[in-house]
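Heads up, the thing below is written out as structure tokens.
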Amino acid sequence: MTTLYVDSGNTNVKWRMGEVEEVFTSPSNSPKLFDWILGNRAKLEFVAVSSVQTDKWNLELQQFCQQQELELWFASSPAEAQGLQSAYSSAEQLGVDRWLALLALWCRFRNGFLLVDSGTAITLDVVDNQGQHLGGFILPGLALQRATLMQASENLAALVKSTPTYSSSLGKNTAEAIDHGVIASTVALIEKQLRLTGCPEERLIFAGGGAGALRDEVGAGILVEGLVLQGLSLAWDRHRALEENNES
């Protein structure tokens, strides 16, 4: 019997069965995950979840798993795990998706790194060589920054193209000035943190839907996918080991 790993984000839900590489994705408001579980119920015993979804969604999943007699476990953000220490004084307030992504990278490098995750929001987090999370930033994602400007002014919205042209170069018209300004400000933040932390370029990590555009403009770093699911697998293994120790 196998564990199903679920990463339920603000926009999409991703899942994979066991340690297989194939990852399934659906919109957060789609029943596709539940349908998939029904179709694969005979292979499953546990469901491990990273969720930044609403309490309503979490409760629906909990009730569904109870009906299917599946053991459900929601990951949380502890103060410390496997040598990684949270910067938050109230560790549980750090988004579990951020924590699990950091855990995956810490277990990979066992050294300091800088993680930029670009999705609905952009998060930037720094971990030092001793595994201490130094903190981070949360700012609107590239698309959200752009949309906010257009919503604020009908005149600007009329000038902006439907498809963004992200670049850090100076814009030669209003549409370019908006698109280039959105990404240039984020790139400047990343470059500043690189200078301040001394993080080597091979441990500057980009993840999320907007990772490629940011990586191209910074001109350094590595693109990595599936960090939350990787971290979730590590956290689940640790949880199971502690449970077995307590039982023995």
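Per the conditions (1) crowded, with 16+ Cβ neighbours inside 10 Å; (2) in a helix (DSSP H, G or I), the sole criterion not satisfied by L59 is (1).
A143: surrounded by fewer than 16 Cβ atoms within 10 Å (Cβ to Cβ) and without any contact (Cβ under 8 Å) to a residue 24 or more places away in the chain, yes or no? No. Among the residues making up the stretch 196-221, those that are touching a residue at least 60 places away in the same chain (Cβ under 8 Å) and in contact with a Phe, Trp or Tyr (Cβ under 8 Å, 6 or more places away or on another chain) are C199, R203, L204, I205, A213, L214, G221. Residues that are surrounded by fewer than 18 Cβ atoms within 10 Å (Cβ to Cβ) and touching a residue at least 60 places away in the same chain (Cβ under 8 Å): does the stretch 79-90 have at least one? Yes: one or more hits. If T54 satisfies all but one of (1) surrounded by 14 or more Cβ atoms within 10 Å (Cβ to Cβ); (2) farther than 25 Å from V20 by Cβ; (3) within 18 Å of the chain's Cα centre (by Cα); (4) not assigned by TED's automatic domain parsing to the domain that holds R146, what's the number of the condition it fails? So the condition that T54 fails would be (1). Step by step: first the residues of the stretch 1-42, then only those that are in contact (Cβ under 8 Å) with a residue 40 or more places away in the chain and assigned to a loop (DSSP other than H, G, I, E, B), then the one that is farthest from the chain's Cα centre (by Cα). Which residue is that? Of everything passing the filter in the stretch 1-42, M1 is farthest from the chain's Cα centre (by Cα).
Is the stretch 216-225 home to any residue that is more than 20 Å from T123 (Cβ to Cβ), part of a helix (DSSP H, G or I) and either more than 21 Å from the chain's Cα centre (by Cα) or at pLDDT below 95 (or both)? The answer is no; no qualifying residue exists. Pairs are defined by a Cβ separation below 8 Å, a sequence spacing of at least 6 or placement on different chains, a first member in the stretch 170-195 that is within 17 Å of L214 (Cα to Cα) and touching a residue at least 60 places away in the same chain (Cβ under 8 Å), and a second member that is charged (D, E, K, R) and surrounded by fewer than 19 Cβ atoms within 10 Å (Cβ to Cβ); the pairs so defined are L194/E201.
Of E244, E201, all but one fail to be exposed (fewer than 13 other Cβ atoms within 10 Å of the Cβ), of a type outside the set (F, W, Y), touching a strand residue (DSSP E or B) at 6+ places or on another chain (Cβ under 9 Å) and farther than 23 Å from G95 by Cβ; the exception is E201. Just to be sure before I move on: is S168 of a type in the set (G, A, S), more than 28 Å from V49 (Cα to Cα) and touching a helix residue (DSSP H, G or I) at 6+ places or on another chain (Cβ under 8 Å) in the structure I sent? Criteria met by S168.
Here the helices (runs of 4 or more DSSP H) wholly within the stretch 84-175 that include at least 1 residues being β-branched (V, I, T) and modelled with pLDDT under 95 are 142-152.
The values are calculated or read from the model by the stated rules, or taken from the named source; none is laboratory data. Computed from a prediction, not measured in an experiment: that's the story for all the values here. Here the Cβ is made from the backbone with ideal geometry for all residues, glycine too, and neighbour counts use every protein chain on show.
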